[in-house]
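**Student:** Pasting a structure here, questions to come.
The values are calculated or read from the model by the stated rules, or taken from the named source; none is laboratory data. If you're wondering where the values come from, they're calculated on a predicted model, not measured in any experiment. Quick reminder, even Gly has a Cβ in these numbers, built from the backbone with ideal geometry, and neighbours come from all protein chains shown. Heavy atoms of the whole protein, side chains included, go into the accessibility calculation; ligands, DNA and RNA do not. Shrake-Rupley method; radii C 1.70, N 1.55, O 1.52, S 1.80 Å.
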Amino acid sequence: FKIKYIYVREMILREFYGLIVSENQGLYLISYDGYKLIRLPIPPNEYDYRKDIFSMMGNMFNRSISIVRPDGITTYAVNRDYQLIKEYRESWKSVSQRFEGQLERVIFPFAIKLRSDNSGFVNFYVRPPALSGLIGIGVFFLLTLILFRIRRKNLVEGWPDLLIVLLTGIFGFVAVALFDRVDKII
């Protein structure tokens, strides 16, 4: 029994301390009753703690355990002894598979966020550019060349602007379109 991940959060109900994800055997709750492990009736590879959201709700008679993934949800209804009563599954296309997600990757080649969708920690999270992001960078580079032509700007003098657009895509294009020349500012 090898532990891969532990999530501890004391609940008002005082029924369990947290969740353990083991390497092969599945999910366990750490109970208040002598720290006994309660195995949940969830297949071992159903929950990926790095990407999925685990939630548990209940009433006096039953518990509802939900695992939300980018491409679907699985909910398990269990009794107070954590025996499976019913299972519900629904799936959908993830954001990256839908047209809007693909268009976003073209227009915004990379993203910097302070919070991850899967973590409560505040940090800089960078989504690296995908191959489709290079198409967007190319389009904005061409738009920058057209902008240079309209402004009658020399390509040799505007190399810092072109470099910024090549590295950042739309972000650099907006800066170049708003400001006349980056090297004048620097």
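**Student:** Restricting to the stretch 1-32, name every residue that is aromatic (Phe, Trp, Tyr), more than 25 Å from the chain's Cα centre (by Cα) and open to solvent by less than 40 Å² (accessible area, probe 1.4 Å).
**Tutor:** If we filter the stretch 1-32 for residues that are aromatic (Phe, Trp, Tyr), which is where we start, we get 1, 5, 7, 16-17, 28, 32.
Adding the requirement that they be more than 25 Å from the chain's Cα centre (by Cα) leaves 1, 16-17, 32.
Scanning the stretch 1-32 gives a single hit, 16.
**Student:** Restricting attention to the stretch 130-151, does a residue exist that is within 18 Å of the chain's Cα centre (by Cα), among the β-branched types (Val, Ile, Thr) and either within 30 Å of residue 67 (Cβ to Cβ) or open to solvent by 40 Å² or more (accessible area, probe 1.4 Å) (or both)?
**Tutor:** The initial filter retains those residues of the stretch 130-151 that are within 18 Å of the chain's Cα centre (by Cα), namely 130, 133.
Filter once more, keeping what is among the β-branched types (Val, Ile, Thr): none.
No, that holds for no residue.
**Student:** Does residue 67 fit the bill of being at pLDDT 90 or above, open to solvent by less than 50 Å² (accessible area, probe 1.4 Å) and not in a strand (DSSP E or B)?
**Tutor:** Answer is no for this residue.
**Student:** Taking the stretch 168-186 as the search range and keeping residues that are assigned to a helix (DSSP H, G or I) and loosely packed, with under 12 Cβ neighbours inside 10 Å, which one is modelled with the highest pLDDT?
**Tutor:** The qualifying residue modelled with the highest pLDDT is 178.
**Student:** Please tell me if residue 73 is open to solvent by 50 Å² or more (accessible area, probe 1.4 Å) and over 20 Å from residue 18 (Cβ atoms).
**Tutor:** no
**Student:** For a quick check of your reading of the model, give me the residue pairs whose first member lies in the stretch 90-101 and is modelled with pLDDT of 90 or more, whose second is assigned to a loop (DSSP other than H, G, I, E, B), with beta-carbon atoms closer than 6 Å and at least 6 apart or on different chains.
**Tutor:** From residues that are modelled with pLDDT of 90 or more, the pairs are 91/71.
**Student:** Scan the stretch 85-126 residue by residue and report those that are in a loop (DSSP other than H, G, I, E, B), more than 24 Å from residue 7 (Cβ to Cβ) and open to solvent by less than 100 Å² (accessible area, probe 1.4 Å).
**Tutor:** If the condition is that a residue be in a loop (DSSP other than H, G, I, E, B), more than 24 Å from residue 7 (Cβ to Cβ) and open to solvent by less than 100 Å² (accessible area, probe 1.4 Å), then 98, 108, 109, 110 are the ones that fit.
**Student:** Going by the structure shown, is residue 164 farther than 23 Å from residue 49 by Cα and assigned to a strand (DSSP E or B)?
**Tutor:** So residue 164 fails the test.
**Student:** Inside the stretch 43-84, can you point out the residues that are within 25 Å of residue 121 (Cβ to Cβ) and of a type in the set (A, V, I, L, M, F, W, C)?
**Tutor:** The answer is 53, 54, 56, 57, 65, 67, 68, 73.
**Student:** If you check 35, 82, which single one turns out to be outside any strand (DSSP E or B) and open to solvent by less than 30 Å² (accessible area, probe 1.4 Å)?
**Tutor:** None of the other options fit; the residue is 82.
**Student:** Step by step: first the residues of the stretch 47-61, then only those that are in contact with a strand residue (DSSP E or B) (Cβ under 6 Å, 6 or more places away or on another chain) and free of Cβ contacts under 8 Å to residues at least 40 places away in the same chain, then the one that is surrounded by the most Cβ atoms within 10 Å (Cβ to Cβ). Which residue is that?
**Tutor:** Top of the filtered list is 47.
**Student:** Another one. Please give the number of the condition residue 128 fails out of (1) under 30 Å from residue 49 (Cα atoms); (2) of a type outside the set (A, V, I, L, M, F, W, C); (3) modelled with pLDDT of 85 or more.
**Tutor:** So the condition that residue 128 fails would be (3).
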